[in-house]
Amino acid sequence: MFKRLVFSALLLSATQGYAQVPQDALITIATYAEDANTPPTLEDYHYANIADVGSHNLHAINAKVKALSFKDVDTQAEVQNLVDAYNQMIASVMGIVTSHILTPVDTDGDGVPDINDAFPNNAGETTDSDGDGTGDNGDAFPNDPNENADSDGDGVGNNADARPNDPNITECNTFPDGNGGTVEVCY
């Protein structure tokens, strides 16, 4: 009989304590509004049945509570309204940021934002790997800053090609002719 009585007393004590948890958590939150000594934790909000408080907004919610008085946040509904209002304000601001600031400008509509496009006004070009001012798509030598064209298609750039319009001649050398002049030999 004694064991049953002790167990019943413990059970009654435990259930009364459990019923008190939401109220104790609300008191912790409201007390912070009065004295700003110990900020409420995520667990306090959870036990007080306050939704949508997490590590991402706990500090800001506590700052809002701290700015109020005990009587402004001593019920679950008052605290939940404060949290909902804060979260709504953040969602509204984030919507503005997302729709207006994070949309990159693409003047030529080629799918590459102007900030990453070497030719923001030319949809046919986006990159200039060698920095010679000619886009890679139109550059016969996209990795050689000294060349960008090969008019005769012989594989030698026009700047280095002795005869840029003759595919059979890529190099010419001049030699003295023995009479004070020079002879040009091309191959």
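Laid out as a table, the results:
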item: Cα-projected label distance for HIS56 with THR127, points at 7 Å along beta-carbon direction, nm; result: 3.5
item: Cα pair distances of segment 21-119 binned at 10 Å [whole percent]; result: 16, 37, 16, 12, 11, 8, 1
item: Extension reserve of the ASP84-ASN116 stretch, reckoned as 0.36 nm per residue once the Cα distance is removed; result: 7.6 nm
item: Segment 139-183 - Rg and Dmax from Cα coordinates, angstrom; result: 13.8, 44
item: Sequence ranges 117-126, 165-174, 68-77, ranked by mean other-Cβ count within 10 angstrom, highest first; result: 117-126, 68-77, 165-174
item: Square roots of five times the Cα gyration tensor eigenvalues for segment 105-148, Å; result: 21, 9, 6
item: Residue-count net charge about VAL21 - beta-carbon cut-off 12 Å; Lys, Arg +1, Asp, Glu -1; result: -3
item: Cα-based shape type of the chain, given that a ≥ b ≥ c are square roots of the gyration tensor eigenvalues and the cut on a/c is 1.5; result: prolate
item: Value of relative contact order over the chain, rounded to a whole percent, pairs C-alpha under 8 Å and six or more apart; result: 9
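Bear in mind that the values in this text are calculations on the coordinates, not laboratory data. Nothing here was measured: the structure is a model prediction, and the numbers come from that model. Cβ atoms come from the backbone with ideal geometry, glycine included; neighbour counts cover every protein chain shown.
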